[in-house]
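J.: Dropping a structure here in structure tokens format, bear with me for questions.
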Amino acid sequence: MKIARRAERIEPFYVMEVAKAAAAMSKEFAHTASPMIFLNIGEPDFTAPPLVQQAAARAIVDGSTQYTQAMGLPALRERISDWYASRFGAQVAPGRIIITAGASAALHLACLALIEAGDDILMPDPSYPCNRHFVSAAEGNAVLIPTTAEERFQLTRAKVEAAWTASTRGVLLASPSNPTGTSIAPEELQRIHEFVHSKGGITLIDEIYLGLSYEEHFGHSALAMPGGLGDSVISINSFSKYFNMTGWRLGWLVLPEALAPVIERMAQNLFICASTVAQQAALACFEPASLAEYERRRAEFKARRDYFIPELNRLGLTVPVMPDGAFYAYADCTDAAARLGVSGSWDFAFELMKRAHLAVTPGRDFGQSAPERFVRFSTANSMEQLREVVARLESVLA
């Protein structure tokens, strides 16, 4: 059977390949004193809080399960709009918000609507692999630009200007980023967008970890850029990370007003709508009790970061930049791998599975700029588990 070229362009998602290997290996240790600890998948260990669960059950019992508008429940779009205003000081009209089947569907719709075959989209290296694969699926070219720790592993205006060509359509950024947990400084983001806008290009920004920002300087939405600049940004967001609803598959897209009817038409045809039950449940995310619980959990994520990153550094798994958001540690494993008698992050990850019963993600997924040097740890685990991880690392690396 002939496979379409666009499918052939999509590389394997190595995070999930490693996860399959870890799951298989974990069966060997499941009933021992040292079962596998999974720090490889970016999924909160918290689940949806009580009010959200109750709202989902109520929707099912009441039969509120029919299709919604392709744009999503009007009430949910209004609550998201209110949240932007109260949390980020961004004025986002509900008409600019489209509810989607996860952030993945949001980015898929945006890429299909805005990228022509052969268009170049500039992205930082390292970055989340699926983002560049959405560009490829739209028959565009993801152009990875190497970044440094001094740049917080983010693009700068200077690098965007230097890489811009006649084929460039725009940039795809992430703030905070996966795998590094670092954000773009607001002033640099504004400089990037001013340049892209002056070229008639598009600024797509993945803000799915924005709710999990820990530093005041960085916790700002691109939609709040001054002078109306935020109105021309396309922001992707999600209920998965801050709102702890990963398997519910619910996200949203914020668009310039003129683009909303185009995306609505595409969403009607490609998805009909996001899950109605998930949308009904998500209304309860914005109740005061739920928001208070999310903030308590955000503080817990920060406490985990503040414990775990210094411990990794002490053990020689150096994290070049302290993450200011999300729940990841992007650590240089060069020295640690040598101590285990292996070379490169891929072999190091599998060696940790065997020796320490720890699953982590090697850097192969995240780009072409020295991926063999880095592994990604997820800190979306309990403090008790993170302490056990440190003890195991200390044991095998001693």
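J.: Let me see the P(r) profile for the chain: every Cα-Cα distance counted, bins of 10 Å, each bin given as a percent of all pairs.
T.: All Cα pairs considered, the percentages come to 5, 23, 32, 26, 12, 2, 0.
J.: Can I get the semi-axes of segment 251-398's equivalent ellipsoid? Compute them from the C-alpha gyration tensor as square roots of 5 times the eigenvalues, in angstrom, largest first.
T.: 38, 21, 14
J.: What are the equivalent ellipsoid semi-axes of segment 190-297, built from the alpha-carbon gyration tensor (square roots of five times its eigenvalues), in whole angstrom, biggest first?
T.: 26, 21, 10
J.: Which entries in Lys20/Lys302; Lys241/Lys302; Lys27/Lys354 show an alpha-carbon gap greater than 20 Å?
T.: Among Lys20/Lys302; Lys241/Lys302; Lys27/Lys354, the Cα-Cα distance tops 20 Å for Lys20/Lys302.
J.: For Lys159, give me every one of the lysines with a C-alpha distance below 27 angstrom, ignoring sequence neighbours fewer than eight places off in its own chain.
T.: Those lysines meeting the cut-off are Lys199.
J.: How large is the helix-only mean residue ellipticity at 222 nm for the chain, computed as the sum of -39500 (n - 2.57) over DSSP H runs with n ≥ 4, divided by its residue count, in deg cm²/dmol to the nearest 500?
T.: Numbers: 14 runs with 163 residues, N = 398.
Result for the chain, helices only: -12500 deg cm²/dmol.
J.: Right, next: Whole-Hz ³J(HN,Hα) for each residue in segment 128-134, computed from phi via Karplus 6.51 cos²θ - 1.76 cosθ + 1.60 with θ = phi - 60°, x for glycine and proline: what do you get?
T.: Whole-Hz 3J(HN,Hα) from phi for segment 128-134: 5, x, 4, 4, 6, 6, 5.
J.: Can you give me the pair-distance distribution of segment 3-114, C-alpha pairs, 10 Å bins, whole percents?
T.: 10, 22, 29, 26, 13, 1
J.: How much accessible area per residue does segment 271-398 have, in Å², with a 1.4 Å probe?
T.: 36 Å²
J.: How big is the Kirkwood radius of segment 93-184, worked out from every pair of different alpha carbons and given in Å to one decimal?
T.: Radius from the Kirkwood sum: 13.8 Å.
The values are calculated or read from the model by the stated rules, or taken from the named source; none is laboratory data. Remember, predicted model here, so these are calculated numbers, not experimental data. SASA here: full protein model, heavy atoms, side chains in, ligands and nucleic acids out. Shrake-Rupley method; radii C 1.70, N 1.55, O 1.52, S 1.80 Å.
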